[in-house]
There are 2 protein chains.
Amino acid sequence: MLGLGYIFTVVILVTTTPSVSADTKGYSLKYDIGKNLNVSIGNTLIFSHTPQSPMVFVGAGQLNFREFRGNFFINNYVEDRIGLPSFTVSEGTGNQDTIYFSYGNMVNLTMVLSSTNLHPLQVSVTISNPIFNDFWLRIVATPEEQVFGLGEQFSYLNLRHKNYPIWTREQGVGRNKSDIVTFFADKALAGGDYHTTYFPQPTFISDRKYYCHYDGTNYVEVNLQPLTFHEIYVNGDVGNFLFKTESSIKNLTQQLAKFLGLQPELPDWVYTGAILGVQGGTDVMLQRYKNAKKNGVPVSAIWIQDWAGVLKTSFGSRLFWDWKWNSTLYPDLKNKIKSLKDDGVRVLAYINPNLNTNGELFKQAAQGGYLVKNNSGQPYLTDFGEFYCGTVDLTSEAAKQWYKGVIQTNMIDLGLSGWMADFGEYLPPDGVVFQGNLTGREVHNKWPVAWAEVNRMAINERNVTGDVVFWTRSGGAGSGKYTTIMWAGDQNVDFSYGDGLPSTIPAALNLGMSGIGITHFDIGGYTTASQYKALGFALVRTEELLLRSAEAAIFTPMFRSHEGNQPKANVQFYSSEYIEKCFGRLASIFVHISNYTKNYVRDNALFGTPVQRPLFMEFPDDPTAWTITYQYMFGSDVLVAPVIESNVSTMNVYLPSGQWSYIWDSTDYTGSKFVTVNAPLGKPPAFFKKNSVWADVFSEIKTKFPLIPVPVTFSSTSKPGGNTNGVYRDSISVTLVLISLLRSIFI
Amino acid sequence: MLGLGYIFTVVILVTTTPSVSADTKGYSLKYDIGKNLNVSIGNTLIFSHTPQSPMVFVGAGQLNFREFRGNFFINNYVEDRIGLPSFTVSEGTGNQDTIYFSYGNMVNLTMVLSSTNLHPLQVSVTISNPIFNDFWLRIVATPEEQVFGLGEQFSYLNLRHKNYPIWTREQGVGRNKSDIVTFFADKALAGGDYHTTYFPQPTFISDRKYYCHYDGTNYVEVNLQPLTFHEIYVNGDVGNFLFKTESSIKNLTQQLAKFLGLQPELPDWVYTGAILGVQGGTDVMLQRYKNAKKNGVPVSAIWIQDWAGVLKTSFGSRLFWDWKWNSTLYPDLKNKIKSLKDDGVRVLAYINPNLNTNGELFKQAAQGGYLVKNNSGQPYLTDFGEFYCGTVDLTSEAAKQWYKGVIQTNMIDLGLSGWMADFGEYLPPDGVVFQGNLTGREVHNKWPVAWAEVNRMAINERNVTGDVVFWTRSGGAGSGKYTTIMWAGDQNVDFSYGDGLPSTIPAALNLGMSGIGITHFDIGGYTTASQYKALGFALVRTEELLLRSAEAAIFTPMFRSHEGNQPKANVQFYSSEYIEKCFGRLASIFVHISNYTKNYVRDNALFGTPVQRPLFMEFPDDPTAWTITYQYMFGSDVLVAPVIESNVSTMNVYLPSGQWSYIWDSTDYTGSKFVTVNAPLGKPPAFFKKNSVWADVFSEIKTKFPLIPVPVTFSSTSKPGGNTNGVYRDSISVTLVLISLLRSIFI
């Protein structure tokens, strides 16, 4: 009877939080003056205060920023930090209460608890003395509690045991401080850290089934390091914290996404093939397209980031940041866009909110007063590497309207069906913006949302929403209202967990639990550093990385390649006929399952359920599911475990409870265990639920898409840099060997 | 008249601080209740307090230590930190006043100002509420103020603009976080940082002509980063701060050394030649000595660190930490010591306060209860790399007496004339010591002083002070009372500023301004990592480093070689006849000037004037002298600028005002300018004052010590690792090239 007994113990507990009307309290406040104070939503304890262990601290100090090309060095010198032990309560009769915290006769803080239609608990904080510009709020935590979200977090899925600054910036190169790539990037002030991200957001979801959202754009730190509390730091005026409980992580995710704003569905054409990231002019573009078609690549669009022309610098070729069609590099583009569209292929371009001082748009913007200014009232010029740019002031309605018009006239009216809407993180802290003469520092975290908004305004006004797509990397709370799709920014062209292909998975999953359920990444990664070869390791894209990355992209909403910042050093989808055919086969699988994908993109657009989901979102009762970072559910029915290591041909995959079928051989598995499957190049591990209504679609893959035969000339023609076995020499593995050696140098 | 005018403007200002008797106030206290409070000594403002900018802060938090083989990872989580704005004063009638600082009705702190015979200002702090275990004191600073001392600081001479934790520990490998050696050492938890040192001391000397000494052994941080104040943090009971002004840095240094305890003079035999660091048994030792004599090396002593035997581990050969003569490895040692002594040569050995669990001494110590214990009352065992040790409890008088006896019986009575008294920094924070059942954390910073004390007790009691020498690397305030000479610990075998030969200079100069004027270093450095070769750089000693290092050692009180931790990977003084002759020539110069050296060692023993002095100590009115870190005055009459870079044959040297003669060609220079001199291998730049009474001694060097002719076979026989040009490939220069390359990888 053991088997049956086991089955019957799988009980799904569903609890519901009663919906709260605005004139009743959705929270409970219990206290004993001088002793303790507790605030809960239902059974979920949120705050616990005693004089010995206060829940609020105020402080004063200096928060300083240094910036270098989007990398920020933040120093917070806290001179005073005072826990407020004493409290009194003024209980409200309606939907709110007021707590007065104090420290003797010196510090007073007013905390208003209230319930709103959407949030059973809203916490509003005001500090009486303006000298205190620092605030810390402690939320009850258990040592084993898991926390997710905080925007697009690349390093971890469970975010506990680290402190997370919330400040949009370059993700940084490397990101793992113990990786030698980061070591060298740090020397150029370009290195990242575990928390650096284009899209931080002061919102987290706890496995205690509540979310906490700080409703402001100040500089914030979310410290998840302590064992018994989470501590949120806010610099400047404090404002509101919002809390909500739900019966499940999925419900929390959906409610959060609805509250912050839902993304629209993607245009249908996105699902018709690969978006080819190419450049070099009209002829090259058409040639790449022709070859791709010849080699069986289904093409949905051609993306030409250099549509506005290029500059020659000592660093090599750079884009000319003056956003209009460059008819020298792209002769006859307007007509080609039309004829390609007739052929079912779109053309996409590139824009960012910075304008090269040598361009026409800069002059217009400067004359119109549309640029962020410096302290002298002149346009703030930023060095982007042998050229300077002004930044469109996204706090000025006039500037936004003007830039919206630029997008409409120069891009949409040209016939473009989309673009990369790049950057949005660089707003210099000492820049002066239109809005209330604020400094960049005060609006820095709003910038990405405003940047997405301008793009969306341009599209909506032209009534092309649903046909035109733009992809952003920077973001913040509310980005979902504007952006059509995110992308994961500039991965290193490697398999590193800190900054390579693997990092796109926690990025997508945390973003999904922050209200953004539609995202994708550059196939093959971006950041290339062939110059490292002199040091014994190369950061160049191998064909293995390109193809493993394309495999993973099948199970995302958009399949788009990028040549990277050093196109010639990298393997490209067009590097050989064989690679192109492999790439085409993977793109074809993306197209094959697109109705499934589209279904879940719609799910996100309607309900806020992210397309890519952590295992525990679908299997919350499975303890092992909570420990898995690098697998995910693609929709409800497909479990994906992309190959994120080099030189492997099998994968050990965890399958939650249920009946699963492996897409590559239709072997059936009963879940609640780890299984090992074959995963040679070309066969990304994915399993579908046997009882899925989509089972036929997925079971067809293995026969419809046979592997491309490997040509005998493969290894000698396709691999750059003499790297003949396709293995990226991971610095971690090299240095692990050294650790034991190094231990020997002490007496 | 311009020339004469210039001369007459050189006015030496001499101010004197009146000596203070204990019943008058040596400081002045001025205040206006509610507004401000100032404390000065003479014209030197020490404290300045306003309610807006308080001089004292109290706090509460958790200070946590993690340890790995003497490397400590310290985390100070400050939960509360409160500036105390309000004050009242109770003026004393005698030699003291009391200030009561407070924050509203919540925090009270009592600060007693007093004058003692030695210190015009003593500051004693008591906090009323024991919950506050953190304290910060601010001392007035000017933005351009320079600060020196803090014990043995390796990275900077002027210590401003950094924070310095005071916690004795391994100096760490690398020490410059932007050096790739540190990067790899960090992976083994062995990396250092700018402040890590065996000998930190909470004492600094300001160019505002005062010193500040914190008279306690708690964990302290001295934050010299802020522009307008220095801030001293103390964890635990606060205790006393002592301040003294003097008319000059030299006087301050002398007063400080006298207060903390003066070192004795060195034995005369130290000046008779090189101390040869060799190992491998009696035969090897004697053979090394014989060859050295043959090649003209004057030998004062032979230092055999492996006198107690060795262990084989997977790391290679390690010393057997059971401190008694190993007659297997060193047969007939006792007789050889006698006959060598007859030959004018001493024998030196090695000891540290840790005992291998497999040794006899460990068993004796465990039985006697002489070891540091763990929480269970058992001997605390520390992993030193495939062997475990107990640590002699230096807080127990019985244990000290016992270990003193071990030194006397096993070392002095064997005929040894000295030893390296290694370690002293590892006391684990969670160890339990005899004294008041305190934890290691509370007595950690006392440990090095207690370790030196045991060695000195052994010597004094046997009446061999002045004949027996021991050299320590760990230290703290009061080490001068016990240690006979310090050494600079484990330099990397390179020319790096962070951790190589150059770092020994600021180390000696800061130590000199912390009360310890007699120190030296391992000729050739210690930390070797030949295993790095796989990564494109080797950390192995070249003959250039060995010889440049020996050149620098001429101008220190003791000339001692070390084979390093990987003897076979390093060039040694005995690696070839040519090198040995070169080494012998340099040792001969050390002997030649030894009466001069001895004179200044005596100066230190009597007056506390360090042997090695920063330029500004001798030339305080010369602004350029204050900017020079890597030159020093050796005594009063000789200026030394050791060659601390590889592959150079000239040096640019700053000469303060006066008439100088270059030792290698007797060219005369008028100072107050930079001069460039020839400095090929074998000719360390040094200048003597033309009017020095020692002029003859130094002018003889150029003729008495001609360079050793380079043999034709030199490059092929003497250089390890195929490094044929003797240039250490400095990682900094390699990576500097990469920085500009790396900047190219961003769009």
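The values are calculated or read from the model by the stated rules, or taken from the named source; none is laboratory data. The structure presented is a predicted model; accordingly, all values stated were derived computationally and were not measured. Virtual Cβ from ideal backbone geometry, glycine too; neighbours counted across all protein chains shown. Just so you know, the surface numbers come from the protein's heavy atoms only, side chains and all, with ligands and any DNA or RNA stripped out. Shrake-Rupley method; radii C 1.70, N 1.55, O 1.52, S 1.80 Å.
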Non-local amide H neighbours of B:Thr313 (under 5 Å, H modeled in plane, Pro and chain starts lacking H): which ones? B:Arg318
The stretch A:429-440 - phi-based ³J(HN,Hα) in whole Hz, Karplus 6.51/-1.76/1.60, Gly and Pro as x: x, 9, x, 10, 10, 4, 4, x, 6, 5, 9, x
Quick calc: nm separation of the 7 Å Cα→Cβ label points for A:Thr142 and B:Ala366 -> 4.3
Prolate/oblate/rounded call for the protein assembly as shown, Cα gyration tensor, a/c under 1.5 rounded: prolate
Everything considered on the Cα gyration tensor (a ≥ b ≥ c; rounded for a/c under 1.5, else prolate if a/b is larger than b/c, else oblate), the stretch B:616-704 must be described as oblate
Under the rule of at least 5 residues apart or a separate chain, name every residue whose amide H is placed under 5 Å from the amide H of A:Val653. A:Val675, A:Thr676, A:Val677
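At a 1.4 Å probe radius, which order do B:Ser86, A:Ser114 fall into by accessible area, largest first?
Greatest to least solvent exposure: B:Ser86, A:Ser114.
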Straight distance only, please: which aspartates and glutamates reach the Cα of A:Lys324 with their own Cα at less than 17 Å, same-chain residues fewer than 8 apart left out? A:Asp306, A:Asp332, A:Glu360, A:Asp413, A:Asp422
Accessible surface of the stretch B:616-704 [probe 1.4 Å, protein heavy atoms]: carbon and sulfur percent: 48
Solvent-accessible area, 1.4 Å probe, carbon plus sulfur percent, for the stretch B:96-205: 52
Under the Karplus relation 6.51 cos²θ - 1.76 cosθ + 1.60, θ = phi - 60°, what is the ordered set of whole-Hz ³J(HN,Hα) values for the stretch B:669-675, x standing for Gly and Pro? 10, 8, x, 6, 7, 8, 10
What are the lysines whose alpha-carbon lies under 19 Å from the alpha-carbon of B:Lys702, with same-chain residues fewer than 8 places away excluded? B:Lys581, B:Lys683, B:Lys689, B:Lys690
Calculated FRET value between B:Asn599 and B:Thr650, using beta carbons and R₀ = 30 Å, to 0.05: 0.45
Let me know the mean shielding of B:97-106 by other chains, meaning the per-residue number of their Cβ atoms within 10 Å of its Cβ. 3
Rounded to the nearest 500, what is the 222 nm mean residue ellipticity of chain B from helices alone, with -39500 (n - 2.57) per DSSP H run of 4+ residues and division by all residues? -6500 deg cm²/dmol
Given a Förster distance of 56 Å, report the FRET efficiency between A:Ser247 and A:Asp343 from their Cβ-Cβ distance, rounded to the nearest 0.05. 0.70
Quick one: which bits of the stretch B:184-209 get at least 30 Å² less accessible when the partner protein chains are in, versus the chain alone, with a 1.4 Å probe? B:Phe184, B:Lys187, B:Ala188
For A:286-294, B:452-460, A:387-395, ranked highest to lowest by mean beta-carbon neighbours within 10 Å, the order is A:387-395, B:452-460, A:286-294
How far apart, in nanometres, would the label points at A:Gln435 and B:Glu461 be if each is projected 7 angstrom from Cα along the Cα-to-Cβ direction? 7.6
Would you mind getting the accessible area per residue of the protein assembly as shown, heavy atoms of the protein chains only, 1.4 Å probe, in Å²? 35
What percent do you get for the relative contact order of the stretch B:28-260 when only Cα pairs under 8 Å and 6+ apart count? 18
Through the Karplus equation 6.51 cos²θ - 1.76 cosθ + 1.60, θ set to phi - 60°, convert the phi angles of the stretch B:68-75 into ³J(HN,Hα) values in whole Hz; use x for Gly and Pro. 9, 6, x, 9, 10, 10, 10, 10
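Does the stretch B:655-713 come out rounded, prolate or oblate, given a ≥ b ≥ c as the square roots of the eigenvalues of its C-alpha gyration tensor, rounded meaning a/c under 1.5 and, failing that, prolate meaning a/b above b/c?
It is oblate, given that a/c is not under 1.5 and a/b is not larger than b/c.
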When you look at the Cβ of every residue in A:77-87, what mean number of other chain Cβ atoms sits within 10 Å? 4
Just the number, please: buried accessible area between B and A, total of both chains, 1.4 angstrom probe, nearest 100 square angstrom. 5200
Using amide H atoms built 1.01 Å from N in the peptide plane, name the residues 5+ places from A:Asn158, or on other chains, whose amide H lies under 5 Å from its own. none
Show me A:493-503, A:268-278, A:319-329 ranked by packing, highest mean number of other Cβ atoms within 10 Å first. A:493-503, A:268-278, A:319-329
For chain A, what is Rg from Cα atoms divided by 2.2 N^0.38 Å, rounded to two decimals? 0.97
For the protein assembly as shown, what proportion of DSSP beta bridges, expressed in % and rounded to the nearest 5, is antiparallel? 80
Ignoring ligands, DNA and RNA, what percent of the accessible area of the stretch B:468-615 is carbon or sulfur (1.4 Å)? 52
Whole-Å distance, taken between Cα centres, linking the stretch B:261-282 and the stretch B:117-166: 36
With every protein chain in place, the accessible area of B:Phe243 for a 1.4 Å probe, in Å² rounded to the nearest 10, comes to 0
What's the percent breakdown of Cα-Cα distances in the stretch A:17-176 across 5 Å bins, shortest bin first? 2, 7, 14, 16, 16, 17, 13, 9, 5, 2, 0
The lysines whose Cα lies under 27 Å from the Cα of B:Lys25, excluding any fewer than 8 residues away in the same chain, are B:Lys35, B:Lys209, B:Lys244, B:Lys250, B:Lys258
